[in-house]
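Engineer: Handing you this structure, nothing more for now.
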Amino acid sequence: MKYLYRILLVILTMTLLHASEKRAFVWVDDDNYWPAIYRGPDGKPAGIFNDIMTELFSRLDIPLKKAVYPWKRAQQMVKEGQADGMITMYTQSRQAFTRATEPIWNIGETLFFRRDNPHGCKILRIQSFDDMKGLTLVELQGAGWPQEEYAAHGIKKVIWVPNVESALNIIAKRRADLFMMFNLNALRILVQKRAQHATLSEGYQDIVAITPHFTSLPFRLLIRKDSPFVKRIDEINRILETMKHDGTYQRIRRKYSGITPPL
């Protein structure tokens, strides 16, 4: 009988260990960063990052629990231990509580301004953050990379707003000179605003984007340092590399190609 109990105890222990290994990875991210990651019509995460994460964790054989929130809240959830990870830039402040994978996707950042801005000639010559000094910028709350860059380059005239819509409103109303944003996301919202807001239609018509991109940023999966999944970063990197060479990334790129809305 004692022998039977021991066998049952071993089986129970192995079952519990297996169950713990199958704990879902909790991923939270931005609800309004189309087409990289956003809230779909069904309320669930959608976009490029969602496609990558779904395939990645299927290959890892790890359940994936995912949700999108306002960006500032999503970051706080990771920091406070309510989620395992998020996809974003690996800034100095985020290095304090996360570890990063290899880049998952590169995001192009573009500068938006009104074509009738009195500082238009200066804006068109911008090639670095130092060139932005003296201008009033508008930026999203929780945007860690721009915040660090602005501080490092002595840029203090920044208006912080909760979302892209608010930022474009401020540019349209001439309350700020410049807005730096993921071009596909900002262009899509700009097109919608031009159609929906008659009172500011002239201001929106005057907003233009500088080409080419101001910069291209590597977005990575950041995993909280005390998450049990942080020990699998090397494995995650190997799978990401495989996905980049076996046609997975090419398929995702094709899916989202040609989506830039016309201005």
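All of the numbers you see were taken from the coordinates with simple rules; none came from a lab. Just so it is clear, the model here is predicted, and its values are computed rather than measured. Ideal geometry is used to build each Cβ from the backbone, glycine not excepted, and the neighbour counts take in all protein chains shown.
Engineer: Pull out the extension gain between ARG73 and SER257, defined as 0.36 nm times the separation in residues minus the alpha carbon to alpha carbon distance; nm, one decimal.
Structural biologist: Working: separation 184, 0.36 × 184 = 66.24 nm, distance 2.97 nm.
This chain segment gains 63.3 nm when fully extended.
Engineer: Another question, if that's okay. Per residue, how much space in cubic angstrom lies within the convex hull of the C-alpha atoms of the chain?
Structural biologist: Working: hull volume 38.4 nm³, N = 263.
Measuring per residue, one finds 146 Å³ for the Cα hull of the chain.
Engineer: For region 108-215, just the Cα atoms, rotate onto the principal axes and tell me the three extents in Å, largest first.
Structural biologist: Taking max minus min along each principal axis of the Cα atoms, region 108-215 gives 39, 30, 24 Å.
Engineer: Continuing with this model, one more query. As a check on your grasp of the helix formula, calculate [θ] at 222 nm for the chain: sum -39500 (n - 2.57) over DSSP H runs of n ≥ 4, divide by the residue count, round to the nearest 500. Provide the component values of the computation, followed by the final result.
Structural biologist: On the way: 11 runs with 110 residues, N = 263.
Taking each H run of at least 4 residues, the total per residue is -12500 deg cm²/dmol.
Engineer: Next question, about the same structure. Pull out the extension gain between THR54 and ARG125, defined as 0.36 nm times the separation in residues minus the alpha carbon to alpha carbon distance; nm, one decimal.
Structural biologist: Working: separation 71, 0.36 × 71 = 25.56 nm, distance 4.10 nm.
Using 0.36 nm per residue and subtracting the Cα-Cα distance, I get 21.5 nm.
Engineer: Now a separate question. Positive end of the dipole of region 38-192, charges at C-beta (+1 Lys, Arg; -1 Asp, Glu), about the Cα centre: which of PHE49, GLN95, ILE159 has its Cα farthest in that direction?
Structural biologist: About the Cα centre, the residue reaching furthest to the positive side is ILE159.
Engineer: So who's got an amide H within less than 5 Å of the one on PHE182, skipping anything under 5 residues away but keeping other chains? H placed 1.01 Å off N, in plane.
Structural biologist: Excluding prolines and chain starts, which carry no amide H, the hits are THR110.
Engineer: May I ask what percent, to the nearest 5, of DSSP beta bridges between residues of region 18-169 are antiparallel? Present the calculation step by step, with values, prior to reporting the outcome.
Structural biologist: Values: 4 of 15 bridges.
So the antiparallel bridges in region 18-169 amount to around 25 percent.
Engineer: Further question on the same structure: Among LYS157, LYS66, rank each residue by its count of other Cβ atoms within 10 Å, from fewest to most, as a rough exposure measure.
Structural biologist: On the way: LYS157 15, LYS66 19.
Going from sparsest to densest Cβ surroundings: LYS157, LYS66.
Engineer: Sequence neighbours fewer than 8 away in the same chain don't count; with that in mind, list the lysines whose C-alpha is under 28 Å from LYS133.
Structural biologist: Partners found: LYS72, LYS122, LYS156, LYS157, LYS173.
Engineer: With a 10 Å Cβ neighbour count serving as the proxy for reagent exposure, in which order, fewest first, do VAL164, VAL208 appear?
Structural biologist: Listed from fewest to most nearby Cβ atoms, that is VAL208, VAL164.
Engineer: For a quick check of your reading of the filter: which trypsin sites (Lys or Arg not before Pro) in region 218-249 sit in a DSSP loop and have no more than 14 other Cβ atoms within 10 Å? Write out the running numbers ahead of the final one.
Structural biologist: Values: sites: ARG220, ARG224, LYS225, LYS231, ARG232, ARG238, LYS244; in loops: LYS225.
Answer by residue number: LYS225.
Engineer: Hey, how many Å between the Cα centroid of region 160-194 and the Cα centroid of region 28-72?
Structural biologist: Cα centres, region 160-194 to region 28-72: 23 Å.
Engineer: Tell me, TRP145, TRP27 in order of fewest to most beta-carbon neighbours within 10 Å?
Structural biologist: Arranged by neighbour count, lowest to highest, TRP145, TRP27 become TRP145, TRP27.
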